[in-house]
1. Out of the residues in segment 212-229 that are modelled with pLDDT of 70 or more and surrounded by 23 or more Cβ atoms within 10 Å (Cβ to Cβ), state the one that is farthest from Leu159 (Cα to Cα).
2. Within segment 321-339, does at least one residue satisfy the condition of being of a type in the set (Lys, Arg), in a strand (DSSP E or B) and outside the structural domain of Leu113 (by TED's automatic domain parsing)?
3. Let me spell it out: the conditions are (1) without any contact (Cβ under 8 Å) to a residue 60 or more places away in the chain; (2) closer than 24 Å to Gly97 by Cβ; (3) buried (at least 20 other Cβ atoms within 10 Å of the Cβ); (4) not charged (D, E, K, R), and Val191 meets all of them except one. Which number is the exception?
4. So which residues in segment 333-372 are surrounded by fewer than 17 Cβ atoms within 10 Å (Cβ to Cβ) and of a type in the set (Asp, Glu), if there are any at all?
5. Taking Glu416 as meeting all but one of (1) more than 28 Å from the chain's Cα centre (by Cα); (2) under 19 Å from Glu310 (Cα atoms), write down the number of the exception.
Amino acid sequence: MARVQKRFVCQNCGSVSSKWAGQCVDCNEWNCIVEDAGAVVTPFRAKHDLQGGGQWIELVGLDTQIALPDRLSSGIKELDRALGGGFVAGSATLIGGDPGIGKSTLLLQAAALLAKAGKSVAYISGEEAADQVRLRARRLGLADAPVLLGAATSVRDILTTLGSSTPPALAIIDSIQTMHSDLIEGAPGTVSQVRASAQELIRFAKERGTALVLVGHVTKDGSIAGPRVLEHMVDTVLSFEGERSHQYRILRAIKNRFGGTDEIGVFAMEAAGLSEVGNPSSLFLTARDETVTGTTVFPALEGTRPVLVEVQALTVRLASGATPRRAVVGWDNGRLAMILAVLEARCGLSLSSAEVYLNIAGGYRLSDPAADLAVAAALISSWTERPVPIDTIAFGEVALSGEIRPVSHSSLRLKEASKLGFERAFGPVGLDANGAGIRVQSFRTLGQFVDHLLARG
């Protein structure tokens with residue numbers, strides 16, 4: 001056995017020696033020499049020292065030219081939009097959503113279109129038998145697509161099968177929570193199993209150039225079940241959203257290493273499967289009546305796509321002493337309380353004793369702060385029973401001081417509204433139509449906006 005090497009360090013001057021002494025020979029201080037425990041080189045440490053014995057890796061400059069990755073178009077424009085242009089070879093995509101929302105249907109449609117285009121596609125189901133997938137494809141009119149189907153849960157069996165010949169251009173695993181690795185103890189769906197299974201599948205995809213799609217279950221709060229690290233392991237995370245009682249579905253990009261985030265693709269659930277919606281605004285804009293109060297159109301922005309949605313408000317005056325209720329669907333409850341407080345403190349509208357109901361039409365969910373002005377307009381219209389002009393949109397962020405602040409991508413919002421026939425826009429100061437063909441009315445404060453709607457001098 002090799003002798004353990006020790007060293008002793010003076011705590012006063014830092015002098016190093018191979019043996020202990022009572023006095024340092026360099027600074028002549030007494031009782032200052034101690035053994036450096038971290039420097040003890042044991043056989044174990046010598047073997048496991050990571051600072052040597054490895055292979056050199058190639059370091060490249062940040063300014064090195066690199067070609068953009070090739071995209072594999074799915075044949076579904078809305079899916080390609082959410083992906084940033086299509087699937088990337090050797091990448092991993094995780095798609096999550098509520099049960100029955102249409103994840104498997106969408107991926108089966110994409111797989112069929114790619115297979116018909118001459119690409120090799122493998123669809124591995126861990127939840128259904130191959131015959132069940134085949135029956136679903138028949139209902140969707142995709143029975144003639146040359147998609148390779150398989151029903152398996154063993155990661156070893158799947159990778160052995162996919163790697164035995166030319167790897168497929170696209171591999172779909174439905175779902176990752178049903179996969180099992182024999183290298184890890186535990187039942188399928190556990191944290192360790194999900195992590196290990198995903199790691200092996202992603203490694204195969206990157207080594208063989210296969211575009212991998214993993215379907216993930218979600219928890220009650222809408223987040224993808226399993227370890228959080230799963231979202232960090234993949235290149236793209238897509239969330240399939242929508243209410244089962246509504247026709248529309250939204251595919252939202254939460255993470256994308258090869259494109260922009262917050263891009264959306266909009267689909268409509270029909271008898272023959274999911275169909276693309278080229279003009280999402282048509283889903284969220286109801287047939288509007290110019291005599292109806294409490295409604296305003298807001299140009300929301302999802303990534304680079306503007307979507308016009310209808311904001312609906314209802315205020316009910318209560319008798320003195322009654323406790324008012326606040327109900328919000330599709331928007332932040334705290335944000336509504338802030339707008340109500342600003343209307344009362346800065347604009348003189350007393351809504352504290354009224355019940356307030358706010359709804360975003362179509363079940364759409366807004367997180368854009370630019371919706372503040374549209375919400376305020378709907379509340380004012382409902383409270384005063386004065387309708388907002390039917391050809392008008394409104395957007396802008398409202399501060400606690402009552403100031404209306406500018407928002408991003410105003411020109412995109414205005415152009416989209418102009419294409420759909422809107423002629424006027426309410427917004428913050430400095431708003432430029434920029435050739436959008438729409439008339440802009442700017443306001444510095446929410447008080448000025450209220451005076452305009454109520455025709456107060």
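1. Restricting to residues being modelled with pLDDT of 70 or more and surrounded by 23 or more Cβ atoms within 10 Å (Cβ to Cβ), the top hit is Gly216.
2. yes
3. Result: Val191 fails condition (3) only.
4. Glu344, Glu355
5. (1)
Matching residues to (1) among the aliphatic types (A, V, I, L, M); (2) under 26 Å from Glu276 (Cα atoms):
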site: Thr153; (1), (2): no, no
site: Gly189; (1), (2): no, no
site: Val194; (1), (2): yes, no
site: His217; (1), (2): no, yes
site: Arg228; (1), (2): no, no
site: His232; (1), (2): no, no
site: Gly242; (1), (2): no, yes
site: Gln247; (1), (2): no, yes
site: Ile250; (1), (2): yes, yes
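The values are calculated or read from the model by the stated rules, or taken from the named source; none is laboratory data. The model shown is predicted, which means the values in this text are computed figures rather than measured ones. Glycine also receives a Cβ, built like all others from the backbone with ideal geometry; neighbour counts cover every protein chain displayed.
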